[in-house]
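The values are calculated or read from the model by the stated rules, or taken from the named source; none is laboratory data. A quick note: this is a predicted structure, and the numbers were derived from the prediction, not measured. With ideal geometry, Cβ positions are generated from the backbone for all residues, glycine too; neighbour counts draw on all protein chains shown. Side chains are part of the model used for accessible areas, which takes the heavy atoms of the whole protein and leaves out ligands, DNA and RNA. Shrake-Rupley method; radii C 1.70, N 1.55, O 1.52, S 1.80 Å.
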Amino acid sequence: MANNCLRNLFCLMQKRFIKTSPAVSPPSPLPFTVQCLVNSCGFPMETALSVSQKIQLSEKKPQKPKSVVSFLKSQGFDDTQIVKLVEKQPGILRCEVDSNLKPKFEFLAKKGFTGAPLLYAVAGLRERALNSQLDPLFEYLRSLLGNNEDVVSAIMRYPLLLTVNVKVKLQSNVDLLINEGVPISGIRKLIILKPRVLIMSKNDTTISAVKTVKNMGLDVRGPMFMYAFRVVVSLSEETLKKKVDVFKSLGWTEEQILSAFKRYPSCFAASEDRIRNTVDFCVNTMKLKPEALIADPIILTLGIDTRLRPRNYVFKVLQSKNLIKLNTKIEWFLKLSEKNVMEKYILPHNDQIPNLLEMYSSSKVKKTNV
């Protein structure tokens, strides 16, 4: 009788276990792309899983990704650089080394590309034909800018130059500026420093910006014309008006606003809130007169937390200790390079003023409440 009870209890426990215990299925195999990236290319699992969401590698050509990674390593790039590249440009793993990557590496290296820019340039050009697209593109840019070094500089600042029809998008704007009397030297400088401006601007936008800057009284051959053009062409008419209105709300006249713009056009590049906050900090905290900002509008482009506040602190401390000339203007001190401030005004006086360096550094991270 006792044996039967035990047997029944055991059977009941088995049934309950079978009903309540989930079925354990064998682990499913990893997708081929993940296996390939981990086993053949040596990628971390986390990276492999992320990349596998963007690209699927072919099981028929399992050696191709490995050959791409091996080639990149042979060019001197380390694992970190390659992983970072593949995360951004996974399509490079499908490229043929001998017919695609290698000749483009050689071509770009001869043009002056080195290091990471070379790596990313090749990856971005994997679908561009070398002879029919890249070579003519470089020849056009070289004829426009004058040398390979400036072409490389422009492309490094705006890599999309390599992927758009540059001649179609650029030449018409170049012609418009030349017809307006802008010197080719100014146009070249703009393309080297800010190639996106002329690539993205429509012809009518370019014409309108030139007229606006001319109406402000800037000479097309003057040194500030292209700086002003670069700012105006990047802003809509509505945005430009908003910035003018901000300055007016701060008590500036139209003549003062125009004077500041002509001296340093980039003062209009900041957002309306930043303009308002910077002027407020300069006038109410630093006690600068509006006339000083109008005469030296570059101050309006300096960060409150990264430049104005810490420099103001050091200047006031040095001034209180008679360690800076009495007639020195803070506007001048604000514009000094970081190296000059450290070597001439902070390190030499750090013994006389304990913790000057620490206070200068810490004041850079304090947040403004303006």
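Structure notes:
- Of the residues making up region 229-240, one or more are under 27 Å from the mean Cα position of the chain (by Cα), modelled with pLDDT of 90 or more, open to solvent by 80 Å² or more (accessible area, probe 1.4 Å) and more than 21 Å from I298 (Cβ to Cβ).
- Boolean, L302 is of a type in the set (A, V, I, L, M) and open to solvent by less than 70 Å² (accessible area, probe 1.4 Å): yes
- The criterion of at least 3 residues that are open to solvent by 50 Å² or more (accessible area, probe 1.4 Å) and charged (D, E, K, R) is met by the following helices (runs of 4 or more DSSP H) wholly inside region 83-180: 102-111, 135-145, 166-179.
- Residue tally, condition assigned to a loop (DSSP other than H, G, I, E, B) and among the aromatic types (F, W, Y), over region 69-82: 1
- Per-region count, region 241-293, residues buried (at least 20 other Cβ atoms within 10 Å of the Cβ), within 20 Å of G217 (Cβ to Cβ) and touching a residue at least 40 places away in the same chain (Cβ under 8 Å): 3
- Restricted to region 50-68, and to residues there that are touching a helix residue (DSSP H, G or I) at 6+ places or on another chain (Cβ under 6 Å) and in a helix (DSSP H, G or I), the residue that is surrounded by the most Cβ atoms within 10 Å (Cβ to Cβ) is P65.
- Total residues in region 137-152, condition under 14 Å from L190 (Cβ atoms) and hydrophobic (A, V, I, L, M, F, W, C): 3
- Meets criteria (farther than 27 Å from N165 by Cβ and of a type in the set (S, T, N, Q)) for T212: yes
- Within region 197-223, the residues that satisfy the criterion of being of a type in the set (A, V, I, L, M) and within 24 Å of the chain's Cα centre (by Cα) are V197, L198, I199, M200.
- Test: residue in region 189-197 that is farther than 16 Å from L160 by Cβ and either assigned to a loop (DSSP other than H, G, I, E, B) or at pLDDT 95 or above (or both): no
- Residues satisfying the stated conditions in region 310-331, i.e. open to solvent by 50 Å² or more (accessible area, probe 1.4 Å) and either outside any helix (DSSP H, G or I) or modelled with pLDDT of 95 or more (or both): K321, N322, K325, L326, N327, K329
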